[in-house]
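Taken together, the values in this text are just the output of simple stated rules run on the coordinates, not laboratory data. Quick caveat: nothing in here was measured; it's all calculated off a predicted structure. Using ideal geometry, Cβ is built from the backbone for each residue, glycine included, and neighbour counts are taken over all protein chains shown.
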Amino acid sequence: MGGPELLLEPINTPGVLSAKLLLEGGSAQDAHGSRGSHQLLASLMTRGCGPHDHLQLADLVEGRGAGLRCEAHEDGLLISLRCASDDATDLLPLLAWMVVDAHLRPEQLTLERGLSIQALQRQREDPFQIAVDGWRQLAYGNGGYGHDPLGVEEDLRALSLDQLRTLADGLTSRPSVLAIAGVWPSSLDAALPFLPGFQDWNAATDQQSQKQTTSQASVCSSPQRSDQTLITQPIATEQVVVMLGQATLSHGHPDDLALRLLQCHLGMGMSSLLFRRLREEHGVAYDVGLHHPSRAGSAPFIMHASTGSERADITLQLLAQSWWELASSPLSDEDLSLAKSKFIGQMAHAQQTSSQRAERRVQLRGLGLADDHDQRCLQDLEDLGAADLKRVAAEHLSRPCLSLCGPQSKLDDLSRAWASELS
Amino acid sequence: MELCHAVLNSLALGPLLNHWSLGNGVRCVEATMPDASLTCLDLWCRAGSSSEQHHEEGMAHFLEHMVFKGSFNLDAGVFDREIEALGGSSNAATGFDDVHFHVMIPADKAPRALDLLLDLVLEPTLAEDHFVMEREVVLEEIAQYADQPDERVLQELLARACPNHAYGRPILGWRSSLLAMDPGSMRAFHQRRYRGSNCCLSVAGKIEPDLRQSIEASALAGLPAARDTSCEPKERPLTVECGRHEIQVERLESARFLMLWPMAAAAMQTEVMGADLATTLLSEGRRSRLVAQLRETLRIADTADMDLTVLEQGSLVTLEICCQEDDLPAVEQEVKRQLDHVCDTPPEDWELKRARQLVGNALRFALESSAQVAGLAAGQTLWGRAQDLLQPLNELESWTTTRLQQELFPQLQAHRACTLIARPGAIS
């Protein structure tokens, strides 16, 4: 029997449910020269599928006051549906139709291609985004994580309908998982595989040999290795965006729990080190934090701060100090215990809505992790000591890359400061 | 209409509210959510930027920052550390009308968190050295907004549309107004605004039986009751200066076409819900009028978003369209044509039904987390509208296609808007 694996999570909600369908393989699998193909395909999947053309589809979804999205993330295509429980039987088949029979009409491609290119262009208005793009390029180069899931303008212009069709044809044989969280009609569980769309998915999978997609980790687990550790992008702004980070580990790697604990210590909440040090002790930044998303390959681990030009030197110095001391001095008992409390608290915070619950379920499956991975992490947490965190930092946080975005004259000063920091 | 009734019926299952008041006028509301993993404590105060006097511009927001710098009983940082060590989190936000401070916390820790929160908000130290340091952080926040071209365009629209109203100036204030402030003037603002009748405490989650008792014994009950109105800025109905402006904005990557209209104040709930339906019908989703025409059919716009901001002195409706600079004339013409058209001919039944479903479900989707529920309950209770969370949906029924055409769409005509066109380029 083909079709997605089904995970059910009944939760008391005010008559709503959230469904998340994850297909493995996302923008990290975009071929070079076709960067943006997964996202472009994702956007076209909501523009006509199965028995519905693009207008009928929009009428059906919006007419029920529901929300339907399909997005390419780095590691997968994620289709999200949120609707009233009573509408589930009518709307869930859309998820399968999008996978089995996306129409991919040329006029819709023209429209979505244009919108993607414009969205990429508008992203350049945000200095933070420019700094992220620079960092990604520096850390991953031409690797799968080296570009925004939206793609690259040049590649988007060159993408043909045939290329997208080939990509779409392979969707039914990708590993997939569907999680439904919330309240739904009691008959739905048994009926789901026989709903229109899902039935066709079964048939499509039976015909094809179960092709295994390229292992995700192999595509992007090796970050770019070059000697370059600095990228600067001059723009006429008041502030400088400073990003210091490294491509690290996959979610689920034995050492990643320590990194996530360091993430709590450095960047989670107002008691975090970066918040205290940069905001409270020095007042050099409003926006400061740490970014470490869950990825199948080497996930970024990035400290960031946006700061006035005249204080950019001290900001860089504070970030660098915060980075290097992770491997040179162990966390105090108090800081370690606070980080652990925050880790536990954050698990509860991330399980507030049916949408969060469903997404975590499919994410864990997509990463090849056990359903009780989070509970196991909570147990493993107890055994982690300051020495373990120090060892992991020394091993995985030894070669940070710096991305700077702001006024040219300031970037020159900071580049010199970075060179002497490394010497 | 069957579907609509189905929606309304199941919506009745949303969290139940319980309202009461303390002797000094503090309004309290609790929402019972037995399955919530975290309890939300949300303290609201009528101390947004519109309650600032001349020379206080930006103070409501700056005070929100200063609150977290410690109280007479809690040194700076102690609150954050203790809340986060309990597995909780905290944050705050300042708006035009009000400010709120909230804590998310495991239910059994809620009494302790409540004491900490009230201590922090009601008795801030406002120490000079922290004041000077935190002002630098707020100035960085202002700089960060200034580096976002779309934020600049939106602020410019508000300034031109509401030049004589608090809603027309930035909540963050200006660099000059912040530099002119001192802890004494901030203390005066705090004493003036943080009073019993100006405050509302909202709690959502697993409610412990003795919660009410602990609130009644808390510092909240000790707040002075009366509201000193002798030197309050006069609240006045919002008016919008109609007109058409063009500006150039540096680092803008695509052109923007914006319009802003005044709309009924929050207290006029029937009109507010009508406006919600109207803006949904015009611009939410691919089948809405503006998105269908401008983006899907004519393909002259990348996005077309209409927002209803519900406010106490008069709500605001904004339309923002991103497009290529060359397409600006066509966009302007088509927007005007669409707005004229809904005035001349009532919308179709399916369009109204679609809008009702979208508005109804948006509220229903917002009732899942204790943070959202606490915020929704407090936002209404603070301003004297103690009502069920789903009460606003009852107002939807009275809006027919003809009533929308006759009463609402005429308010959203192009000539009644403040229009702003922003082109990429050097600052003009």
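Per-structure values
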{"read-out": "For A:VAL16, distant residues with modelled amide H under 5 Å away", "value": "A:SER85, A:VAL183"}
{"read-out": "Between the stretch B:343-399 and the stretch A:236-252, the Cα center-to-center distance that results, in Å", "value": "40 Å"}
{"read-out": "Approximate shape of the stretch B:243-424 as ellipsoid semi-axes (Cα gyration tensor, √5λ), whole Å, largest first", "value": "29, 19, 16"}
{"read-out": "Computed Rg/Rh of the stretch A:336-375, alpha carbon atoms with Kirkwood Rh", "value": "1.04"}
{"read-out": "Peptide B:316-326 - average C-beta neighbours from other chains (10 Å radius)", "value": "1"}
{"read-out": "Volume in Å³ per residue [convex hull over Cα atoms, computed for chain A]", "value": "149 Å³"}
{"read-out": "Other-chain or far-sequence residues with amide H under 5 Å of B:SER315's (modelled H)", "value": "B:MET263, B:ALA264, B:ALA265, B:ALA266"}
{"read-out": "Proxy reagent accessibility, fewest Cβ within 10 Å first, across A:LEU8, B:LEU114", "value": "A:LEU8, B:LEU114"}
{"read-out": "Peptides B:208-214, B:403-409 ordered by average Cβ neighbours within 10 Å, highest first", "value": "B:403-409, B:208-214"}
{"read-out": "Coordinate range along principal axes, alpha carbons of the stretch A:5-207, Å, largest first", "value": "51, 36, 30"}
{"read-out": "Prolate/oblate/rounded call for the stretch B:15-222, Cα gyration tensor, a/c under 1.5 rounded", "value": "prolate"}
{"read-out": "Karplus (6.51, -1.76, 1.60) ³J(HN,Hα), θ = phi - 60°, over the stretch A:145-152, in Hz, Gly and Pro reported as x", "value": "8, x, 10, 5, x, 4, x, 10"}
{"read-out": "Mean separation of Cα contacts under 8 Å, 6 or more apart, over the residue count of the stretch A:5-207: relative contact order %", "value": "39 percent"}
{"read-out": "Cβ neighbours within 10 Å from other chains - mean over B:243-255", "value": "2"}
{"read-out": "Cβ-Cβ FRET estimate between A:ALA387 and A:MET347, R0 fixed at 22 Å, reported to 0.05", "value": "0.35"}
{"read-out": "Cα-based helix-to-principal-axis angle, B:128-146 vs chain B, degrees rounded to 10", "value": "10 degrees"}
{"read-out": "Helix B:370-381 vs. chain B, principal-axis angle (Cα, 0 to 90°, nearest 10)", "value": "80 degrees"}
{"read-out": "Relative contact order (percent, whole number), chain B, Cα cutoff 8 Å, 6+ residue spacing", "value": "24 percent"}
{"read-out": "Calculated FRET efficiency for the pair B:ASN91/B:ASP340, C-beta based, R₀ 35 Å, to 0.05", "value": "0.20"}
{"read-out": "Peptide A:22-35, shielding by other chains (average Cβ, 10 Å cutoff)", "value": "0"}
{"read-out": "Separation between Cα centres of the stretch B:166-206 and the stretch A:148-170, rounded to whole Å", "value": "51 Å"}
{"read-out": "Spherically averaged projected area in nm², based on the convex hull that wraps the Cα atoms of the stretch B:1-137", "value": "11.8 nm²"}
{"read-out": "Kirkwood hydrodynamic radius of the stretch B:123-174, from inverse mean 1/r over distinct Cα pairs, in Å", "value": "12.6 Å"}
{"read-out": "HN-Hα J in Hz across the stretch A:386-402 - Karplus 6.51, -1.76, 1.60, θ = phi - 60°, x for Gly and Pro", "value": "4, 5, 5, 4, 5, 4, 4, 4, 4, 7, 10, 10, 9, 9, x, 10, 10"}
{"read-out": "Förster-model FRET efficiency, 30 Å R0, A:ASP413 and A:ALA158, C-beta, rounded to 0.05", "value": "0.15"}
{"read-out": "Cβ-based net charge around B:MET59, under 10 Å, with every Lys or Arg adding one and every Asp or Glu removing one", "value": "-3"}
{"read-out": "Long-range Cα-Cα pairs in the stretch A:228-422 (distance over 20 Å), rounded percent", "value": "58 percent"}
{"read-out": "Neighbour-count order for A:THR172, A:THR229, fewest beta carbons within 10 angstrom listed first", "value": "A:THR229, A:THR172"}
{"read-out": "Simple spin-label estimate for B:HIS245 and A:SER329 in nanometres, 7 Å along Cα-Cβ", "value": "5.2 nm"}
{"read-out": "Ranked list, fewest to most other Cβ atoms within 10 Å of each Cβ, for A:ASP30, B:ASP119", "value": "B:ASP119, A:ASP30"}
{"read-out": "When the protein assembly as shown is reduced to its Cα atoms, the Kirkwood hydrodynamic radius in Å", "value": "28.6 Å"}
{"read-out": "Sorted peptide list for A:185-194, A:130-139, criterion being average Cβ within 10 angstrom, highest first", "value": "A:130-139, A:185-194"}
{"read-out": "Label-to-label distance, nm, for residues given as B:ARG175 and B:GLN213 (7 Å Cα→Cβ offset)", "value": "5.6 nm"}
{"read-out": "When each of A:LYS342/A:LYS410; A:LYS342/A:LYS390; B:LYS206/B:LYS353 is checked by Cα-Cα distance, pairs over 28 Å", "value": "A:LYS342/A:LYS410; B:LYS206/B:LYS353"}
{"read-out": "Mean separation of Cα contacts under 8 Å, 6 or more apart, over the residue count of the stretch A:1-116: relative contact order %", "value": "34 percent"}
{"read-out": "With Cα atoms, 0 to 90° folded angle of helix B:110-122 axis to chain B main axis", "value": "80 degrees"}
{"read-out": "Under Karplus coefficients 6.51, -1.76 and 1.60, residue-wise ³J(HN,Hα) of the stretch B:153-170 in Hz, glycine/proline x", "value": "5, 5, 5, 5, 4, 4, 5, 6, 7, 10, x, 10, 10, 4, 5, x, 10, x"}
{"read-out": "Per-peptide average of other Cβ atoms within 10 Å, ordering A:253-266, B:120-133 highest first", "value": "A:253-266, B:120-133"}
{"read-out": "Pairwise centroid distance, computed over Cα atoms, of the stretch A:49-108 with the stretch B:57-71, Å", "value": "45 Å"}
